[in-house]
Amino acid sequence: MTYAIQAEGLAKRFKETRALAGVDLAARTGTVLGLLGPNGAGKTTAVRIFATLLRPDSGRAFVAGHDVVKEAGVVRSLVGLTGQYAAVDENLTGTENLLLIGRLLGLPRYEARARAAELLDRFQLSDAAGRAVKTFSGGMRRRLDLAASLVGRPRILFLDEPTTGLDPHSRGELWDMLRGLVADGVTALLTTQYLNEADQLADDIVVIDKGRVIAEGTPDQLKSQVGGQVLQVRPVRAVDLARAHLLVAEAAGPQTQIEGELITAPVKDPELMPAVVRRLDREGIAVGELTLRRSSLDEVFLALTGHRAEPERPDDADDAGPDESELAKAVSSA
């Protein structure tokens, strides 16, 4: 099988920090590969290597079959990049930003202008095209940032935390736009801390921690690995919550959690629910809610890494975040 994005034994150090320690991954053409992991796990480092902004210390990476080190110029002509924060110039208008990217990519002025108009229309920004970006909402800036990554008509996109800081409505709009791009044949590598985002968009997922791959598969396969279902128990009386938690944990194991008024536990044995019911009944604990539901990716993440995902802070990044302007400059000098 030919992969649009592939890494073999990818390793990178920053002084004493090991960002990547032999990562293998692959994204099929026309799909979304979700790259998940705790803050500092190496996600941004991997994106920067694929985008030719960093050289690996060892291992190999390929984009559309081209080596990112030996054929960096070719790779740059094939990819688009949207980083964690909007890379557009807030003092320029929407049109001027896209024209700038187009000219940096070597497009003739008339072609750059036509492409800018096309993308502004596609991303529902035509009405604001003549306004300075500093007047845009956060969602509008992110849409413009994604449009900027598409000026050169890339077939492969690197999306590094693309919806950071967006409200749910703006995040949903960006999801719809990404789905449309993938439907047109674009391949995307998506890093995100919003696990419902990966669940909604990713065809395959790779989870990395401390620079190593610790799990991979489709969202459904990963959920099955940690228990395809989750048991939820809510005692009638709040005073019984702690005692009920201990009883459920005895049957289900240490991954049993208290979330508000609910006790949750992964179900790996079909006999778990009746066993829990018997224990609670024996102890005289009345139950107001007892349900089974499907596992979420957040629970997969918790089981694999030991903690829940948290939105990345600037000082938690693997290294300085990449942006489209860096890539455009690299392309123009290639």
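The values are calculated or read from the model by the stated rules, or taken from the named source; none is laboratory data. For clarity, every value in this text was computed on a predicted model and none was experimentally measured. In this analysis, Cβ positions are derived from the backbone assuming ideal geometry, glycine residues included, and neighbour counts consider all displayed protein chains. Calculation scope for accessible area: heavy atoms of the full protein, side chains included, ligands and nucleic acids excluded. Shrake-Rupley method; radii C 1.70, N 1.55, O 1.52, S 1.80 Å.
Here is how the numbers come out for the structure above:
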read-out: Condition met for G211 (more than 10 Å from the chain's Cα centre (by Cα), modelled with pLDDT of 90 or more, surrounded by 19 or more Cβ atoms within 10 Å (Cβ to Cβ) and not β-branched (V, I, T)); value: yes
read-out: Complete set of residues in region 147-158 that are surrounded by fewer than 24 Cβ atoms within 10 Å (Cβ to Cβ) and either within 14 Å of A116 (Cβ to Cβ) or at pLDDT below 90 (or both); value: L150, G152, R153
read-out: Every residue from region 65-103 that is polar (S, T, N, Q) and open to solvent by 20 Å² or more (accessible area, probe 1.4 Å); value: S77, N91, T93, T95
read-out: Meets criteria (closer than 27 Å to V207 by Cα and open to solvent by less than 70 Å² (accessible area, probe 1.4 Å)) for Q257; value: yes
read-out: Condition met for L144 (surrounded by fewer than 23 Cβ atoms within 10 Å (Cβ to Cβ), at pLDDT 90 or above, aliphatic (A, V, I, L, M) and not in a loop (DSSP other than H, G, I, E, B)); value: no
read-out: Selected residue (only one of T44, T2 is among the β-branched types (V, I, T), out of contact with any Cys (no Cβ under 6 Å at 6 or more places or on another chain) and open to solvent by less than 30 Å² (accessible area, probe 1.4 Å)); value: T44
read-out: Residue satisfying all of: in region 5-30; open to solvent by 20 Å² or more (accessible area, probe 1.4 Å) and β-branched (V, I, T); nearest to the chain's Cα centre (by Cα) among these; value: T29
read-out: Elements of type strands (runs of 3 or more DSSP E) contained in region 1-106, each with 3 or more residues being over 21 Å from T187 (Cβ atoms); value: 3-14, 17-28
